[in-house]
Amino acid sequence: MSNYNPFDFSQVLPIINEDTEFFPLLSQHDEDEMSAAEMPEVLSILPLRNTVLFPGVVIPITVGRDKSIKLVKDAYKGDKIIGVVSQLNMGTEDPTFEELNKVGTIASIIKILQMPDGNTTVIIQGKQRIVLKEAVQTEPYIRATVERFKESKHRANKEFNALLASIKELALDIIRLSPNLPSEAGIAIKNIESPGFLINFISSNMNADLEFKQSLLELPGLKDRAQKVLEQLMVELQLLELKNQIQNKVRGDLDKQQREYFLNQQLKTIQEELGGNSPDLEIEELQKRAKGKKWGEEVAIHFKKELDKLARINPVAADYSIQLNYLEVLLDLPWNSFTKDKFDLKRAKKVLDRDHYGLEKVKKRIIEYLAVLKLKQNMKAPILCLVGPPGVGKTSLGKSIASALGRKYVRIALGGIHDEADIRGHRKTYIGAMPGRIIQSLKKANTANPVFVLDEIDKVGSDFRGDPSSALLEVLDPEQNNAFYDHYVEVDFDLSNVMFIATANSLNNIQPALLDRMEIIEVNGYTIEEKIEIAKTHLLPKQKEQHGVKPKEVTLKSSVIEKIIEDYTRESGVRGLEKKIGSVIRGVATHIVMEEPIGPSLSNNDIEEILGAPLYDKDLYENNEVAGVVTGLAWTQVGGDILFIESSLSPGKGKLTLTGNLGDVMKESASIAMAYLRAHSNDIGIDAHVFDEWDVHIHVPAGATPKDGPSAGVTMLTALTSVFTQRKVKKHLAMTGEITLRGKVLPVGGIKEKILAAKRANIKEIILSKSNKKDILEIKESYIKDLTFHYVSEMNEVIQLALLKEKVNKPLDLSPKETKSKV
């Protein structure tokens, strides 16, 4: 389309430019110049292969056939008049008379030129149209009889003049819009005055096919020819405008691309000068890194697709950096990259024993896992959930497991997480999108099989932003996590080789479906003996190092550590103990800096000087001289604790009052205890009238602390029995268990924590349900060697074990009141 021209002035322009003497011929000659007398009856006929000669038009033609050369030379020697007719078929080399069109033009030979390439060029001018009659000679060239073409007369009127003006205007517009046509062509058209010659000149130079030009030549009426020329010019102008439109658009796009290419090349040069990487170098680096990845075919195809997308993005665009960051995340993830597990079970056991004292159940489970993994060489990693009070070493246990296995250690804190995207990641369409914390942690670990600690899983929140607990279902399900889908990564990642260890203080707040997917391992509190060993082995050296005290500058005997534990802490774990030891070491550091004498081996008096007076008194609640006060055992989220049930009687009408911030379950336990006493008053030795003449008040100290649960049932019943019978409660005795209206004692949970709390309070005997005996068997015998356990199934057994026969020093007078008789 770029070579398209509506006009073909290739024939006439050389004449206009080089032979200016012929320029007047363009506006002077017309087809009516030859009279009837001047017109010959027989003419030599020159066939034209690819053009049509119109009257008045001057054109150069190249003569190549021998017959044609002889014809023009003979005519040039004579009157220079010949007949010019176009061939019916352009491909015919030597046409006969029958193979010529019957309408042609009389032409005058103006000049014969011998060209440097050997060809003969003849400049001819059309005179008027003729019609061939019959051939009179075929050799050496065709000669035929001719007659004048009958021209239809026309009248010059406004319509015809407007038609001519339109033709001239269209022709000038075409020349103006055609950059390849010289301005001389427009000058030539402007100087044409003859209407007939104007039509002939444009028809001759129009870039149309031979048949169309021949049809114009054969039209008798000038107006009809003008109308047909106008229609063709309008089509040509529309095509030219469309062509220019397309060219301008293409040129604009090319200019923009060239400009961007030039700017990008400059940008690359600037980046290289500044020491940065050009986009091409970045893409090559990404491709190089991708070759070394061990990912599957699906991930490889996805990466290649995203890399191709990056190559199509303009480096200046904001999407470029987003796409680049995404590809770098894919490359940084540890696809099928694993650390080698260490299967030395003896070494693993030593590591676990070195880092943590006690916790036998957890250590046993890790050794089992290693044993199975060594035999099978491949297994789905278990999801362990360590449940226990704060400060017992649940989180630090993960480090020991990682060290024992020879794996990388990863930890994320789930406490306070509300957004599901923290687990599954954000979609890339969001501003500031990033992978979830699971994928980010694996990226940091640079291995696909780390020990992954999910800390505080029971403190995961849920609100309008999503439910992270539900998102964790896929992470912690061994049947699903081999294809974990992160919204940012957009391809599945295998988490089945990760050893997840969750930690929690309580199972109550964990979603049931999530809880079902984890293996629960209880991490209970420590005994005094364990705490002493932990303090000597771990806490004391750690605090010395943190405070800059040399190992030999201070030592703590076991008795001194025991004093710190009993007098200054009351917890299941050792976090509070560590703080107190830190306070002691800071006190020693102060004495050292101030050069005040203090022995390296601290005494109990030194501890009291540094820490102050004891915070807790273990003998505070051992007095049993008051009826109705019984020691119970309770479980809390921070471990076990002792609970005291106090009851008292006052004259009244049998009203029951409960105080101490009790929950509904504890209130129900008190009601059950009262109902049981009323029903079995004769068996216990209580006069029935006291229930109607005395008000009962039950109080649980530490009233600001909420309390609830069925474990205090036996304690409440024992307290009520004690106050109604005024019998003493055995010293150093505690109990726990749920009761029923029939007087059955049911089992409860948290036994180990409760026993540890009892030991801290110097309890010697504990009453439990027979069904809790299995829990005692799981505890190390050394931990309970100073305790005596009584297993019961009926409430009357509890009363016989807990209450002494002797009454308190000043018992209440619970005899029936005298009633006055009415007259």
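The values are calculated or read from the model by the stated rules, or taken from the named source; none is laboratory data. Note that this is a predicted model, so its numbers are computed, not measured. Cβ placement follows ideal geometry from the backbone for every residue including glycine, while neighbour counts extend to all protein chains displayed.
Quick notes on this one:
- For segment 302-345, a tally of residues being in contact (Cβ under 8 Å) with a residue 40 or more places away in the chain, outside any helix (DSSP H, G or I) and of a type in the set (D, E, K, R) returns 3.
- Residues within segment 795-810 that are touching a residue at least 24 places away in the same chain (Cβ under 8 Å) and surrounded by fewer than 13 Cβ atoms within 10 Å (Cβ to Cβ), tallied: 3
- Residue tally, condition at pLDDT 80 or above and exposed (fewer than 14 other Cβ atoms within 10 Å of the Cβ), over segment 610-630: 3
- Qualifying residue in segment 688-705 (condition: within 27 Å of Asn772 (Cα to Cα) and over 60 Å from the mean Cα position of the chain (by Cα)): no
- Residue in segment 285-301 that is nearest to Leu327 (Cα to Cα), counting only those that are among the hydrophobic types (A, V, I, L, M, F, W, C) and touching a helix residue (DSSP H, G or I) at 6+ places or on another chain (Cβ under 9 Å): Leu286
- Single residue of Ser44, Ser35 found to be touching a strand residue (DSSP E or B) at 6+ places or on another chain (Cβ under 7 Å), modelled with pLDDT of 60 or more and over 17 Å from Asn205 (Cα atoms): Ser44
- Just one of the listed residues (Phe789, Phe724) is outside any loop (DSSP other than H, G, I, E, B) and surrounded by 19 or more Cβ atoms within 10 Å (Cβ to Cβ), namely Phe724.
- Residue match in segment 179-186 (condition: over 29 Å from Arg148 (Cα atoms) and aliphatic (A, V, I, L, M)): yes
- Checked against (1) over 22 Å from Thr636 (Cα atoms); (2) at pLDDT below 85; (3) hydroxyl-bearing (Ser, Thr, Tyr), Thr725 meets all criteria but (2).
- Exactly one residue out of Thr92, Thr105, Thr138, Thr121 is of a type in the set (Ser, Thr, Tyr) and out of contact with any helix residue (DSSP H, G or I) (no Cβ under 8 Å at 6 or more places or on another chain): that is Thr121.
- Top-ranked residue of segment 228-239 - restricted to ones that are surrounded by 16 or more Cβ atoms within 10 Å (Cβ to Cβ) and of a type in the set (D, E, K, R), ranked as farthest from Leu164 (Cα to Cα): Glu236
- Exactly one residue out of Leu172, Leu216 is surrounded by fewer than 19 Cβ atoms within 10 Å (Cβ to Cβ) and aliphatic (A, V, I, L, M), and it is Leu172.
Table: residues versus (1) modelled with pLDDT under 85; (2) crowded, with 16+ Cβ neighbours inside 10 Å.
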residue	(1), (2)
Lys73	no, no
Ile82	no, yes
Asn119	yes, no
Gln128	no, yes
Tyr141	no, yes
Lys158	yes, no
Arg176	yes, no
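- The lone criterion from (1) assigned to a loop (DSSP other than H, G, I, E, B); (2) crowded, with 16+ Cβ neighbours inside 10 Å; (3) at pLDDT below 85 left unmet by Ile686 is number (3).
- Contacts under 8 angstrom Cβ, first residue in segment 646-672 being at negative phi and assigned by TED's automatic domain parsing to the domain that holds Ser711, partner surrounded by 13 or more Cβ atoms within 10 Å (Cβ to Cβ) and among the basic types (Lys, Arg), 6 or more apart: Leu658/Lys667; Leu662/Lys707; Gly663/Lys707; Met666/Lys707
- Qualifying residue in segment 745-755 (condition: assigned to a helix (DSSP H, G or I), buried (at least 20 other Cβ atoms within 10 Å of the Cβ), touching a Gly at 6+ places or on another chain (Cβ under 6 Å) and not assigned by TED's automatic domain parsing to the domain that holds Gly573): yes
- Residue within segment 240-261 that is among the acidic types (Asp, Glu), at pLDDT 75 or above and either outside any strand (DSSP E or B) or exposed (fewer than 13 other Cβ atoms within 10 Å of the Cβ) (or both) present: yes
- Residues of segment 141-184 classified as among the polar types (S, T, N, Q) and closer than 30 Å to Val72 by Cβ, total: 1
- All positions within segment 489-527 that are closer than 23 Å to Ala634 by Cβ, surrounded by fewer than 18 Cβ atoms within 10 Å (Cβ to Cβ) and of a type outside the set (D, E, K, R): Ser506, Leu507, Asn508, Asn509, Ile520
- Selection over segment 36-69 of residues that are more than 16 Å from Thr105 (Cβ to Cβ) and in contact with a Phe, Trp or Tyr (Cβ under 6 Å, 6 or more places away or on another chain) gives a count of 1.
- All of Ala371, Ala348 fail the test of being within 30 Å of Lys536 (Cβ to Cβ) and part of a helix (DSSP H, G or I), apart from Ala348.
- Single residue of segment 757-771 satisfying the filter (modelled with pLDDT of 85 or more and among the charged types (D, E, K, R)) that is nearest to Glu794 (Cα to Cα): Lys770
- Residues of segment 285-306 that turn out to be within 21 Å of the chain's Cα centre (by Cα) and of a type in the set (S, T, N, Q), as a count: 0
- Evaluating Arg742 against the criteria (1) under 30 Å from Ser506 (Cβ atoms); (2) surrounded by fewer than 19 Cβ atoms within 10 Å (Cβ to Cβ); (3) of a type outside the set (Ser, Thr, Tyr) leaves one unmet condition, (1).
- Filter result for Thr659 (over 56 Å from the mean Cα position of the chain (by Cα) and at pLDDT 85 or above): no
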